[in-house]
């Protein structure tokens with residue numbers, strides 16, 4: 001027994017001094033299983049953990065961030081065999097990363113958008129419904145909304161200077177809101193326990209909030225979306241009566257200077273954990289560091305993964 005204790009001591013010392021983590025800890029914080037981690041190392045060379053004298057893998061914080069980055073690219077539709085090239089170019093900056101990502105994904109998304117645009121411009125509800133179903137049969141939900149549907153929705157929103165374009169956007173917006181609501185309702189029927197999602201007043205449109213609810217949802221997390229215009233001062237009452245697992249605020253706008261103070265005051269009034277999601281969460285991440293309020297980010301499965309970690313008490317805030 002003493003030999004086992006003695007053998008473990010150098011590893012514990014290394015973990016403390018060099019901030020290295022065993023594979024079980026990496027699996028816990030990222031959700032990636034050991035078999036996949038080893039495949040990314042051996043087959044694709046995506047990560048290169050250090051080894052102890054006995055051959056056990058140890059991962060640095062940089063390795064963990066690489067794992068999360070790999071997850072992000074794969075979840076956005078990039079084949080794992082192409083991820084290495086993207087990561088190798090990451091030092092060239094975010095713009096180069098984005099260009100490589102678009103190249104890796106190919107022109108398929110643009111073609112889908114072109115077909116959807118034609119259906120919208122013709123106010124062809126049947127064709128729009130067909131295309132919607134075909135896109136969902138081809139890609140996971142985060143890719144469908146974040147890479148295909150919402151960019152087109154945003155494009156139509158911004159191009160309302162000519163006759164008929166407002167009507168086109170309204171047609172598409174109404175269609176997507178109805179489908180998003182339907183999907184959320186189907187998910188809510190699976191469980192009575194839920195996480196509440198509410199928009200900061202004036203910080204997004206309804207469809208953006210509904211899509212955020214879909215992106216945060218999973219088989220074990222049900223999202224209940226509160227209506228736009230929900231007063232923040234009444235959220236403590238709602239949470240007291242509904243007893244949610246957590247409350248997530250959503251913002252797609254730059255945070256105001258007093259947002260950390262507003263959120264801190266709200267957190268004190270709640271009996272459940274509080275988190276922030278959306279573009280506003282990315283911009284406010286530094287100001288929320290060290291507070292009990294979690295920043296879930298804005299990107300597809302990353303938000304979902306962070307929410308799951310937050311509910312389990314494993315997400316640093």
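Computed from the coordinates by the stated procedures, all read-outs in this text should not be read as laboratory data. This is a predicted model, so every value here is computed, not measured. Heads up, the Cβs are rebuilt from the backbone with ideal geometry, glycines too, and the neighbour counts pull from every protein chain shown.
Using per-residue counts of other Cβ atoms within 10 Å, averaged over each peptide, order 109-118, 242-251 from highest down.
Values: 109-118: 15.9, 242-251: 21.2.
So the order, starting with the most tightly packed, is 242-251, 109-118.
How do 150-158, 269-277, 229-237 rank on mean C-beta neighbours within 10 Å, highest first?
Details: 150-158: 15.9, 269-277: 20.1, 229-237: 13.1.
Descending packing order for the listed peptides: 269-277, 150-158, 229-237.
Extending 7 Å from Cα along the Cβ direction at residue 108 and again at residue 41 yields two label points whose distance is 3.1 nm.
Ranked by Cβ crowding within 10 angstrom, fewest neighbours first, how are 44, 59, 139 ordered? Could you put the intermediate results ahead of the total?
Working: 44 14, 59 24, 139 19.
The fewest-first ordering by Cβ neighbours comes to 44, 139, 59.
Over region 108-184, the hull volume per residue, using the convex hull of the C-alpha atoms, is 81 Å³.
Across region 108-184, C-alpha contacts under 8 Å between residues 6 or more apart give a mean separation that, scaled by the residue count, equals a relative contact order of 31 percent. What whole number of Å gives the distance from the Cα centroid of region 52-68 to the Cα centroid of region 210-280? Value for the Cα centre distance between the two parts: 34 Å.
Below 8 Å between Cα atoms, with a sequence gap of 6+, how large is the relative contact order for region 193-311 in percent?
On the way: 209 pairs, mean separation 32.4, N = 119.
Relative contact order comes out at 27 percent.
Taking the DSSP bridge list for region 193-311 and keeping only pairs wholly inside it, about 5 percent are antiparallel. Cα convex hull, region 259-298: 57 Å³ per residue, rounded to a whole number.
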